[in-house]
Amino acid sequence: AHLPFSDEKFTRVYTKAISHPHDTLALYIQYQGETFGILHAAAGDYYLGIGGRMVTIYALYVSAKMRGTYLGGKVGIKLLRLVSEWAKSQDAEEIHIHSTSGIEPKRTDKMLTRMGFETYGGNYAAKLTL
């Protein structure tokens, strides 16, 4: 949340997703040319484990002006339902979401918990001074 958005990186990530459709998912929800939600996920094997498949959601974002509104909730839920269906088609056993942005963590937790997700581990960050 503390870094400015990069159109260049956004384009690079979504171009990669489009060119690897067998294991990458890129979704966006737009209305009248304005993007209200995005999701980027990939399917693969566990990092060091044997067997099992998982989907990792790298980005799940609802625009600031939509967050906290009825429509914003529908956007978030729609993105999660779409990725869940895609994860099933990938024979995934789990979906992992790494919530590292720090944007409204209580609201994020409430939505994910209501949709059947459970807390699993945690995210930590340390600022380094040079």
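The values are calculated or read from the model by the stated rules, or taken from the named source; none is laboratory data. Computed from a predicted structure; not experimentally measured. Ideal geometry is used to build each Cβ from the backbone, glycine not excepted, and the neighbour counts take in all protein chains shown. Side chains included, ligands, DNA and RNA excluded: accessible areas come from the protein's heavy atoms. Shrake-Rupley method; radii C 1.70, N 1.55, O 1.52, S 1.80 Å.
Details
- The residue that is most open to solvent (accessible area, probe 1.4 Å), counting only those in the range 62-94 that are among the charged types (D, E, K, R), outside any helix (DSSP H, G or I) and farther than 23 Å from HIS22 by Cβ, is LYS65.
- Every test in (1) surrounded by 14 or more Cβ atoms within 10 Å (Cβ to Cβ); (2) hydroxyl-bearing (Ser, Thr, Tyr); (3) in contact with a helix residue (DSSP H, G or I) (Cβ under 8 Å, 6 or more places away or on another chain); (4) farther than 24 Å from PHE5 by Cα is passed by THR119 save one, and that test is (1).
- One residue alone among GLU104, GLU93 is at pLDDT below 90 and among the charged types (D, E, K, R), and that residue is GLU104.
- A residue that is assigned to a strand (DSSP E or B) and open to solvent by less than 100 Å² (accessible area, probe 1.4 Å) occurs somewhere in the range 5-24.
- Of all residues in the range 25-61 being among the hydroxyl-bearing types (Ser, Thr, Tyr) and assigned to a strand (DSSP E or B), the one that is least open to solvent (accessible area, probe 1.4 Å): THR56
- The set of residues in the range 95-116 being open to solvent by 70 Å² or more (accessible area, probe 1.4 Å) and in contact with a strand residue (DSSP E or B) (Cβ under 9 Å, 6 or more places away or on another chain) consists of HIS98 alone.
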